[in-house]
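*Asks:* What follows is a single structure, and I will ask about it in a moment.
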Amino acid sequence: MKRSKIMELGVGLFMLAGILGLVFLGLRVSGMTLQAPGDTFRLEANFSNIGSLKPRARVTMAGVTVGRVSRIELDTDWYDARVILELDGDLEGKLSRDTTAAILTAGLLGEQYIGLSVGGDPETLADGDTLRDTQSAIVLEELIQQFVSNVMSD
Amino acid sequence: MIEQITSLGRRGCELLESLGRAGIFVAQSAVGVPSREGWHLWLRQMHFVGVLSLAIVLVSGLFIGMVLALQGYTLLVDFGAEQALGQMVALSLLRELAPVVAALLFAGRAGSALTAEIGLMKATEQLSSMEMIGVDPLRRVVAPRLWAGFVSLPLLTIGFSVVGIYGGYLVGVEWLGVFEGSYWGNMQASVSFIGDVGNGMIKSLVFALVVTWIAVFQGYDLVPTSEGISRATTRTVVYSSLAVLGLDFVLTAIMFGGLT
Amino acid sequence: MSDTPFVVVEGLHFSRGDKEIFRGVDLAIPRGRITAIMGPSGTGKTTLLKLIGGQLVPDAGRVLIDGEDVHRQSRRALFAMRRRMGMLFQSGALFSDLSVFENVAFPLRVHTDLPQTMIRDLVLMKLEAVGLRGARELMPAELSGGMARRVALARAMALDPELILYDEPFVGQDPISMGVLVQLIKRLNQALGLTSIVVSHDIKETLTIADYVYVIADGQVMAHGTPQGLDVSEDPRVSQFVHGEPDGPVPFHYPAVDFYTDILNSGGRR
């Protein structure tokens, strides 16, 4: 009887480890959050070019992750990209109205993410507001083209 | 010439017949009312098939993750993209390596043992005597093993992935000096839970079914002599490996190949 | 006890591959008696038991147990029918992962809802009957061949079956355990009123316990009768078998071409 108890314990631990592993794969590897949806608020931002930004990319502030990109769509009024950001609920009502969003690249070829920097406006952004001041992704080809034409004209 | 065609035809018929037997076999085994007794038998097989395979699967996973990180780093550093190491390690493991390698190890470690065990029970008339006692060996012997295999392999695959990603972290971050934040950050940005973890799990479930099925069927259907057992054990490993690799291609094409 | 036979085999045909094993076997096994089925090795006696137990399906003919056709049953009904039978396999066929006690308890546990204490009592009773109550904690690998067979006998009796099939119970036993088994089979049959079928080629032992004997050779019933009747049979084949003469109408040699032709033709070919 005692041996079978040890066996049951082993199998139980094995299954528990499997489930914990799956949780690890969900949270740590695929970056899902356990926070309830109510804990976040949304902002929108239009960019003329988003480069290779993808949904679920990080949104950072001073290097600290404060949210994720939840959706990217084409804005047919302006023919630019509308990016919907899902931000930490703690920040609601704390970001000034002139906060800027820029698409940045981690390293030369790394992932692209959005960096926010706060301005000085006393009025703050609420759920569903749009960020006016944005800076598009740097596209390497354009950069090179610019550089080449500068050299040529010099 | 005609003789060759005839022999080809005979082979084809034999193959079909054996597939049919295997199908009836798995159907008769899998449907059974789970009882308290059955639960105990299943638990025992879980221990034998799952827990005892854990060590080899985890050690292999660790090494494969470490090698991936090492190889990936030397490749990525040329493009200045070593930040993408985490993404590379995680995606290779979750989509391909963990389901496939864990299934191959499982076929070698647990599948062959299942075949040999059932085969020996058949050779020593234990299965026959069970039938004569009025207990269906498909329910009593085969079903718990089938279900244990089906549950164990996905769990082992999860373990393989987790340990592999940790191995990649050890080599990439601790040893080669990739920035820790970008190892995890890049990974989190590119791994989708449904698309990558989920599809990997589906693969693993399919492999689990196929490998255990082959193993128990080969054991149940073998010629009850010592030569028959050794042949069936070999067949289990060969057929399972081929089936896993072949099915992996098909599943990959469906899941990631843009075929809809 | 009625006089209708418990087991009836009618016109049984069975072949394995191209080899015809039975070509029309008819048997009637009387209720409550020990019936022996004898014959030279390789005549398919074990196959006959498997056909009676429903593990193999005949090509033609049928097997009736207590009036029911074994091979016309659904899988479930067949398993239910087998609870009324016990079979003693040549090797014992004990479950190697269970102890002696658990082996005997196995049929009780799967087929009854008896409480633990009652199962224990029943198992000890059966083990006592075969004289192995003291060996209950041993594993099958630790038993001698004779002991394993006695444990298997206890297991076959666990559910108090109406019919027990013995497959070569005396093969490979030393004289003492052979004697023990002969006594056991006879005593159990008398005490419990079982119908027994003993398949064997050990003539002396079998004839001492059997009430009725069938001799099978060449896929057919060659002779049948009481042991006394067979002993004085005029049929040369029967008397060769019963008296154990090496050569006679039943040939010592496997069918082959003439020896001298074979030897002289051996140049280069096998």
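*Asks:* Could you grab me the full set of residues in the stretch B:178-209 that are without any contact (Cβ under 8 Å) to a residue 40 or more places away in the chain and of a type in the set (A, V, I, L, M)?
*Replies:* Once the filter is applied, which keeps residues that are without any contact (Cβ under 8 Å) to a residue 40 or more places away in the chain and of a type in the set (A, V, I, L, M), the stretch B:178-209 yields only B:194.
*Asks:* Can you confirm whether residue B:6 is out of contact with any His (no Cβ under 9 Å at 6 or more places or on another chain) and modelled with pLDDT of 90 or more?
*Replies:* Answer is no for this residue.
*Asks:* Tally time: how many residues in the stretch C:112-149 are touching a Ser or Thr at 6+ places or on another chain (Cβ under 9 Å) and of a type in the set (D, E, K, R)?
*Replies:* Result for the stretch C:112-149: 3.
*Asks:* Hey, another quick one. If residue B:177 satisfies all but one of (1) buried (at least 23 other Cβ atoms within 10 Å of the Cβ); (2) not in a helix (DSSP H, G or I), what's the number of the condition it fails?
*Replies:* Only one criterion is unmet by residue B:177, namely (1).
*Asks:* Out of the stretch C:73-92, which residues are assigned to a loop (DSSP other than H, G, I, E, B), of a type outside the set (Lys, Arg) and either closer than 13 Å to residue C:107 by Cβ or more than 8 Å from chain B (Cβ to nearest Cβ) (or both)?
*Replies:* Passing the criteria: C:73, C:74, C:92.
*Asks:* Quick one: is residue C:121 out of contact with any Pro (no Cβ under 8 Å at 6 or more places or on another chain) and part of a loop (DSSP other than H, G, I, E, B)?
*Replies:* In short, no.
*Asks:* Kindly indicate which of B:119, B:172, B:108 is closer than 28 Å to residue B:68 by Cα, crowded, with 24+ Cβ neighbours inside 10 Å and at pLDDT below 95.
*Replies:* Sole residue among the options that is closer than 28 Å to residue B:68 by Cα, crowded, with 24+ Cβ neighbours inside 10 Å and at pLDDT below 95: B:172.
*Asks:* Okay, next question. Considering A:74, A:43, A:22, which residue is more than 13 Å from chain B (Cβ to nearest Cβ), farther than 17 Å from residue A:114 by Cβ and not in a loop (DSSP other than H, G, I, E, B)?
*Replies:* Result of the check over A:74, A:43, A:22: A:74.
*Asks:* Here is a follow-up. What's the number of the only condition in (1) touching a residue at least 40 places away in the same chain (Cβ under 8 Å); (2) buried (at least 18 other Cβ atoms within 10 Å of the Cβ); (3) under 18 Å from residue C:37 (Cβ atoms) that residue C:171 fails to meet?
*Replies:* For residue C:171, the exception is condition (2).
*Asks:* Specify the residue that is farthest from the other protein chains (Cβ to nearest Cβ); the eligible residues are those in the stretch B:175-216 that are under 19 Å from residue B:248 (Cβ atoms) and of a type in the set (S, T, N, Q).
*Replies:* B:212
*Asks:* Being of a type in the set (Ser, Thr, Tyr) and farther than 30 Å from residue B:84 by Cβ is the filter here, so list the residues in the stretch A:99-154 that pass it.
*Replies:* Selection gives A:124, A:130, A:149, A:153.
*Asks:* Right, next: For the stretch A:118-154, how many residues are closer than 22 Å to residue A:54 by Cβ and touching a residue at least 12 places away in the same chain (Cβ under 8 Å)?
*Replies:* 8
*Asks:* Restricting attention to the stretch C:127-168, report how many residues are under 22 Å from the mean Cα position of the chain (by Cα) and in a helix (DSSP H, G or I).
*Replies:* Selection size over the stretch C:127-168: 16.
*Asks:* Another question, if that's okay. Which residues, taken from the stretch A:110-145, are over 19 Å from residue A:72 (Cα atoms) and either among the hydrophobic types (A, V, I, L, M, F, W, C) or in a strand (DSSP E or B) (or both)?
*Replies:* Residues satisfying the conditions are A:117, A:118, A:124, A:125, A:126, A:140, A:143, A:144.
*Asks:* Only one of (1) aliphatic (A, V, I, L, M); (2) in contact with a strand residue (DSSP E or B) (Cβ under 7 Å, 6 or more places away or on another chain); (3) modelled with pLDDT under 80 is not met by residue A:116, so which one is it?
*Replies:* (3)
*Asks:* Sticking with this structure for a sec: Identify, please: which residue in the stretch C:68-123 is touching a helix residue (DSSP H, G or I) at 6+ places or on another chain (Cβ under 9 Å) and of a type in the set (S, T, N, Q) and is, among those, surrounded by the most Cβ atoms within 10 Å (Cβ to Cβ)?
*Replies:* Out of the qualifying residues, it is C:103.
*Asks:* A further question follows. Specify which of the listed residues (C:165, C:194, C:138) is buried (at least 19 other Cβ atoms within 10 Å of the Cβ) and more than 14 Å from chain B (Cβ to nearest Cβ).
*Replies:* The conditions single out C:194.
*Asks:* Within the stretch A:49-71, can you find the residues that are part of a strand (DSSP E or B) and either in contact with a helix residue (DSSP H, G or I) (Cβ under 7 Å, 6 or more places away or on another chain) or among the charged types (D, E, K, R) (or both)?
*Replies:* Passing the criteria: A:58, A:66, A:68, A:71.
*Asks:* If only one of C:65, C:34 is touching a helix residue (DSSP H, G or I) at 6+ places or on another chain (Cβ under 8 Å), modelled with pLDDT of 85 or more and within 17 Å of residue C:196 (Cα to Cα), which one is it?
*Replies:* Every option except C:34 fails the conditions.
*Asks:* Kindly list, by first and then second residue, each pair from a residue in the stretch B:28-45 that is within 20 Å of residue C:107 (Cα to Cα) to a residue that is crowded, with 16+ Cβ neighbours inside 10 Å and modelled with pLDDT under 70, limited to pairs with Cβ atoms under 7 Å and residues at least 6 apart or on different chains.
*Replies:* Close Cβ pairs (under 7 Å, with a partner that is crowded, with 16+ Cβ neighbours inside 10 Å and modelled with pLDDT under 70) amount to B:38/B:32.
*Asks:* Now a separate question. Which residue out of A:92, A:86, A:111, A:73 is in contact (Cβ under 8 Å) with a residue 40 or more places away in the chain and in contact with a Lys or Arg (Cβ under 7 Å, 6 or more places away or on another chain)?
*Replies:* Answer to the check: A:86.
The values are calculated or read from the model by the stated rules, or taken from the named source; none is laboratory data. Just so it is clear, the model here is predicted, and its values are computed rather than measured. With ideal geometry, Cβ positions are generated from the backbone for all residues, glycine too; neighbour counts draw on all protein chains shown.
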